[in-house]
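Trainee: First the structure, then my questions, so here it is.
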Amino acid sequence: MTATDLATSLFTVLETGDPALAAQVVHEEFRNREAAVAPPACRVAGPAGVLASSAWMRFAFEGLRLPFLETARNDDQVWVRLRMQGRHTGAFVLFKDGAVDQVVPPTGREIDFEQIHVLDLRDGKVVRHEAVRDDITMLGQLGVFPPTPAAGMRMLAWKTTGRASRAAAEVTARAAQAAGAAVNTPAA
């Protein structure tokens with residue numbers, strides 16, 4: 001695969017959760033710098049972490065799409081500018097230091113914002129990921145930034161009724177289950 005093919009395939013894994021494709025394109029030593037805000041399983045090395053990240057994002061955003069706008073590459077890196085698109089139909093759970101930090105209840109709103117990703121390549125696979133995301137735009141599209149009393153009350157209601165902790169437990173379990181799928185999928 002070319003460097004651009006590897007990048008395209010990595011984001012296809014995020015859109016679909018395809019464990020066979022993850023095994024083909026994600027290096028066993030893969031690290032995702034951006035996993036700090038994701039469930040713990042997303043910080044696992046290799047295809048397992050990518051599959052966990054896919055499950056986490058797809059839990060919150062139905063119809064997740066990551067269309068490329070442009071790419072640049074050299075022998076061991078690919079830079080991708082893309083849009084993250086989808087409908088916010090599940091809780092968007094953010095973590096800090098491995099614990100739940102915030103839960104944004106589903107809004108039903110569409111998101112569509114730009115991101116820039118840097119992928120390091122080794123041995124014909126993606127070995128490292130970092131990104132520059134426009135999270136402020138995404139949170140604005142979800143109606144939670146700038147903070148409003150209505151959005152704050154909705155998040156507080158989710159927290160006090162236990163819905164936030166149940167959603168966090170569910171997405172954490174789904175991410176761990178997706179990571180487990182990588183263990184049972186042989187590398188190509």
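Trainee: For MET153 and ALA99, calculate 0.36 nm times their separation in residues minus their Cα-Cα distance, and state this gained length in nm to one decimal.
Mentor: Values: separation 54, 0.36 × 54 = 19.44 nm, distance 2.17 nm.
Working it through step by step, the gained length comes to 17.3 nm.
Trainee: Another question, then. Before I look further, what does region 52-148 give for accessible area per residue, probe 1.4 Å, in whole square angstrom?
Mentor: Working: 4620 Å² over 97 residues.
Using a 1.4 Å probe on heavy atoms only, each residue of region 52-148 averages 48 Å².
Trainee: Take the alpha carbon atoms of region 142-185, find their center, do the same for region 47-92, and report the distance between the two centers in whole angstrom.
Mentor: 18
Trainee: Let me ask something else. How large is ³J(HN,Hα) for each residue in region 12-19, as worked out from phi by the Karplus curve 6.51 cos²θ - 1.76 cosθ + 1.60 (θ = phi - 60°), to whole Hz, x for Gly and Pro?
Mentor: The phi angles translate into 5, 4, 5, 6, 10, x, 6, x Hz.
Trainee: In square angstrom, rounded to the nearest 10, how much accessible surface does ASP123 have for a 1.4 Å probe?
Mentor: 120
Trainee: Please give the calculated 222 nm ellipticity per residue for the chain, where each DSSP H segment of at least 4 residues contributes -39500 (n - 2.57) and the sum is spread over every residue; nearest 500 deg cm²/dmol? Walk me through the numbers on the way to the answer.
Mentor: Numbers: 6 runs with 76 residues, N = 188.
Taking each H run of at least 4 residues, the total per residue is -12500 deg cm²/dmol.
Trainee: Multiply the residue separation of SER165 and ASP134 by 0.36 nm, subtract the distance between their alpha-carbon atoms, and state the gained length in nm to one decimal. Before the final figure, lay out the partial values.
Mentor: Details: separation 31, 0.36 × 31 = 11.16 nm, distance 2.62 nm.
Going from the current span to full extension adds 8.5 nm.
Trainee: Accessible area of the chain with a 1.4 Å probe: how many percent of it is carbon plus sulfur?
Mentor: 54
Trainee: Ignoring ligands, DNA and RNA, how do LYS125, LYS159, LYS96 rank by accessible area with a 1.4 Å probe, largest first? Present the calculation step by step, with values, prior to reporting the outcome.
Mentor: Numbers: LYS125 35, LYS159 150, LYS96 125 Å².
From most exposed to least exposed: LYS159, LYS96, LYS125.
Trainee: Once you sort the root eigenvalues of the Cα gyration tensor of region 49-188 as a ≥ b ≥ c, which label holds: rounded (a/c under 1.5), prolate (a/b larger than b/c) or oblate (the other case)? Could you put the intermediate results ahead of the total?
Mentor: Details: a/c = 2.46, a/b = 1.46, b/c = 1.69.
Since a/c reaches 1.5 but b/c is at least a/b, the shape of region 49-188 is classed as oblate.
Trainee: With a 10 Å cut-off between alpha carbons and a GNM built on the chain, which of ARG128, ARG109, ARG81 moves the most?
Mentor: Highest fluctuation of the listed residues: ARG109.
The values are calculated or read from the model by the stated rules, or taken from the named source; none is laboratory data. As the structure is a computational prediction, the values presented were derived from the model and not from experiment. Ligands, DNA and RNA are excluded from the accessible area calculation, which covers all protein heavy atoms including side chains. Shrake-Rupley method; radii C 1.70, N 1.55, O 1.52, S 1.80 Å.
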